[in-house]
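See structure below.
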Amino acid sequence: MEKWFNVGKIVNTHGVKGEVKVVSSTDFPEERYSKGNELYLFLPKKKEPISLTIESHRTHKSFDLLTFEGYHDINQVEIFKEGVLKVQEDQLQELEEGEYYYHEIVGCKVVTGLGEEIGTVKEILSPGANDVWVVKGEKGKEHLIPYIEDVVKEIDIEEGLITIEPLEGLLS
């Protein structure tokens, strides 16, 4: 069975020349959106993905703007709205030691150094200098854990376990 990984969601068209507006969810926009790279578009009501080749990429405000080879008119890309761009597992690149893909972190259990269970990573936010992990506890309370050395002490992807040393006030 093929595994797919989200790269971004097409939220709208931009202009009349086939450009689309993408909300990115990739750690590597420069590589994913480089000219000639292949992405797969999954549309809500279609079973099979559409293979698309990147023709151009630029950023505008907080969006990535893309054009695809063979699609040069707004009418051709209008149907792409709400579609999700993905890559196959074999398109993932090897990461340096200590680096992780979002999909490897989301779903991991978070505990303190003393073994106290905090919850499970549900989402990763990238607001600025460092990522922030949204950890949902048993009673539904969400904790925002900054991905910084002072807090995150150990990540064991195989076990799905992350050990943290919470700063004062972080879990209150």
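Numbers for the structure displayed
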quantity	calculated
Total formal charge among the other residues, if their Cβ is under 11 angstrom from that of Gly8, Lys/Arg +1 and Asp/Glu -1	+3
Gain upon complete extension [Leu170, His72; 0.36 nm per residue less C-alpha separation]	30.3 nm
Lys61-Lys122 FRET efficiency (beta carbon distance; Förster radius 35 Å; 0.05 resolution)	0.85
Environment charge of Glu158, counting only residues whose C-beta is closer than 13 Å and scoring Lys/Arg +1, Asp/Glu -1	-3
DSSP loop GluC sites (Glu not before Pro) with at most 11 other Cβ within 10 Å: longest gap in the chain	3-93
Net +/- balance of residues flanking Gly137 in space, Cβ distance below 13 Å, scoring K and R +1, D and E -1	+1
Global geometry of the stretch 102-164, whether rounded, prolate or oblate, following the gyration tensor of its Cα atoms and the 1.5 cut on a/c	rounded
Global form of the chain, assessed from the alpha-carbon gyration tensor, a/c cut-off 1.5	prolate
Of Leu41, Leu92, Leu114, the one that fluctuates the most in a GNM where the chain has Cα springs shorter than 10 Å	Leu114
Candidates Thr112, Thr120, Thr53: whichever shows maximal mean-square fluctuation once the chain is modelled as a Gaussian network with Cα springs under 10 Å	Thr112
Global form of the stretch 4-90, assessed from the alpha-carbon gyration tensor, a/c cut-off 1.5	rounded
Efficiency of FRET between Glu158 and Lys35 - r from beta-carbon atoms, R0 35 angstrom, step 0.05	0.45
Those trypsin sites (Lys or Arg not before Pro) in the stretch 102-151 that DSSP places in a loop and that have at most 13 other beta carbons within 10 Å	Lys139, Lys141
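Values in this text are rule-based calculations from the coordinates and carry no lab data. Note that the structure is a prediction, hence the values are computed from the model and not measured. Quick reminder, even Gly has a Cβ in these numbers, built from the backbone with ideal geometry, and neighbours come from all protein chains shown.
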